[in-house]
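The values are calculated or read from the model by the stated rules, or taken from the named source; none is laboratory data. In this text, all values refer to a predicted model and were calculated from it rather than measured experimentally. As a convention, Cβ positions derive from the backbone with ideal geometry for all residues, glycine included, and neighbour counts pool all protein chains shown. Note: areas computed on protein heavy atoms with side chains; ligands, DNA, RNA excluded. Shrake-Rupley method; radii C 1.70, N 1.55, O 1.52, S 1.80 Å.
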Amino acid sequence: CSEIPSSTTMIRVEMGTVTDYFKPKDGATLCEMLVSNSKHLWSPDGEAWEEPTYYPSTKHFGGSLNHRTRQNSNHPIDQRDTLSFWGYAGSTSGTLGGCCSSDLSTSSGGWKQAFTMHTCAATPPAVEKYSVSFTNQHPNDAPSAENECTNANHNLVVSDDPREFCAQRCDADATCEAFWVYTTGRCCLKASWSADQGFTTDLQAGWFLALPAKAPTCSKIADVSSTSLANKAFWESKCSEIPSSATMIRVDMGTVTDYFKPKDGATLCEMLVSYSKHLWSPDGESWEEPAYYKINHLGGSAKLWPSQNSNHPMDQRNYLTFWGDETAEGGCCSSDLSGSTPGWKKAFTMFTCAI
């Protein structure tokens with residue numbers, strides 16, 4: 001009993017080619033079940049559970065009453081006399097090992113069967129991996145996954161949990177990252193999604209669920225010291241080093257991390273030499289268009305835009321990070337979100353990132 005992991009919810013017993021699953025009845029522990037003849041439920045697969053008719057002897061551990069296995073119409077191919085017993089409370093030579101059948105086709109058998117017991121944890125629902133992003137609406141920009149839509153569970157004929165049904169389908173499709181599911185059961189798999197193009201709301205009730213966004217993978221493109229001039233010419237010289245897979249940049253200045261990506265119609269290289277072609281994100285996932293500053297500065301924002309942005313109350317900076325200027329050295333402006341000691345001549349590191 002001391003070896004049973006705390007996450008265990010059932011056991012699996014393998015006897016020859018036979019596999020049985022057992023879990024405790026309500027009110028019993030796994031340890032209590034293991035030394036009892038009547039505290040277990042049985043399953044052929046660890047999912048659908050039945051209460052067997054128990055063998056009357058309290059010396060038998062597990063199992064079932066004679067003949068009740070092959071008389072179970074739910075499992076016609078199981079012709080065993082009994083479910084597997086995993087032990088006996090005695091030391092007679094006739095009840096060593098386990099009992100009773102090493103394959104499903106035979107009702108004959110007896111004790112002295114070798115077996116292996118495993119502890120098992122229940123598989124968590126597939127839907128637990130997904131987050132409900134929107135209710136009763138879905139993003140217009142959501143291209144279909146390979147398996148697209150299905151009405152297989154319409155009116156909940158397959159599963160009364162439409163989100164779990166759709167999550168399992170999404171798991172089985174390597175191209176699926178999200179799904180829209182109606183409360184009536186219709187399920188549509190999506191390869192990706194973005195909120196940038198708005199939402200469709202004239203729908204039947206349902207949910208849009210998505211996997212957590214993948215963290216950007218970033219590689220360094222430049223270390224800019226406090227005395228370096230990171231002007232347009234400097235960043236133009238870096239354009240050839242930007243990987244074709246890059247979709248954004250990350251700028252680390254002190255303890256501050258900002259993500260920037262080009263506005264529609266601009267390239268990363270064009271963004272790097274501009275003050276007004278970038279979108280900003282604190283995490284590389286959710287994006288906002290800042291109010292912009294003036295022409296000589298690269299990146300950044302208008303004064304007080306971060307500190308007055310109610311979406312990010314912890315960010316009290318006067319400006320988003322500027323990654324260069326035609327005359328000022330280093331970057332600007334704050335090396336922490338409190339906005340203390342703002343100004344130029346701040347060292348920073350820039351990375352290119354891809355999802």
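Taking Cα atoms only, the orientation of helix 162-172 departs from the longest principal axis of the chain by about 80 degrees.
Let me make sure I get this right: for the range 268-309, a, b and c are the square roots of the gyration tensor eigenvalues over alpha carbons, sorted descending. Under 1.5 in a/c it's rounded, otherwise prolate if a/b > b/c, else oblate. Which is it? Could you put the intermediate results ahead of the total?
Values: a/c = 2.75, a/b = 1.15, b/c = 2.39.
It comes out oblate by the Cα gyration axes.
If you filter the range 251-355 for trypsin sites (Lys or Arg not before Pro), then keep DSSP loop positions with at most 11 other Cβ within 10 Å, what is left? Spell out each step's value before the answer.
Details: sites: Lys263, Lys277, Lys294, Lys303, Arg317, Lys345, Lys346; in loops: Lys263, Lys277, Lys294, Lys303, Arg317.
Passing both the DSSP loop test and the Cβ count: Lys294.
How much net charge surrounds Lys25 when only other residues with a Cβ under 14 Å from its Cβ are counted (Lys, Arg +1; Asp, Glu -1)? Walk me through the numbers on the way to the answer.
Numbers: positive: Lys23, Lys39; negative: Asp26, Glu32, Glu50, Glu51.
With Lys, Arg at +1 and Asp, Glu at -1, the neighbours total -2.
Taking the range 187-230 and a reference point 7 angstrom along Cα→Cβ of Glu148, the backbone N atoms nearer than 19 Å belong to 187-193. Rolling a 1.4 Å probe over the protein heavy atoms of the chain, with every protein chain left in place, gives an accessible area that is 49 percent carbon and sulfur. Modelled spin labels at Lys345 and Thr29, positioned 7 Å past Cα toward Cβ, are 6.7 nm from each other. Solvent-accessible surface of the chain, averaged per residue with a 1.4 angstrom probe and all protein chains in place: 50 square angstrom. For every other residue with a beta carbon closer than 12 angstrom to the beta carbon of Leu337, add +1 if it is Lys or Arg and -1 if Asp or Glu, then tell me the sum. Taking every other residue near Leu337 into account, the sum is -2.
Once the Cβ-Cβ distance between Glu128 and Thr106 is put in as r, and R0 is 45 Å, what FRET efficiency do you end up with, to the nearest 0.05? Computed FRET efficiency for Glu128 and Thr106: 0.65. Per residue, the convex hull spanned by the Cα atoms of the range 238-345 amounts to 102 cubic angstrom.
Tell me which cysteines of the chain come out unpaired when the rule is another cysteine's Cβ under 4.7 Å. So far as the 4.7 Å Cβ criterion goes, Cys120 stand without a partner in the chain. Computed over neighbours whose Cβ is under 14 Å from that of Lys346, the net charge equals -4, Lys and Arg +1, Asp and Glu -1. Kindly flag which residue pairs out of Lys232/Lys345; Lys23/Lys190; Lys238/Lys294 have an alpha-carbon separation exceeding 27 Å in this structure. Check vs 27 Å cut-off fails for Lys23/Lys190.
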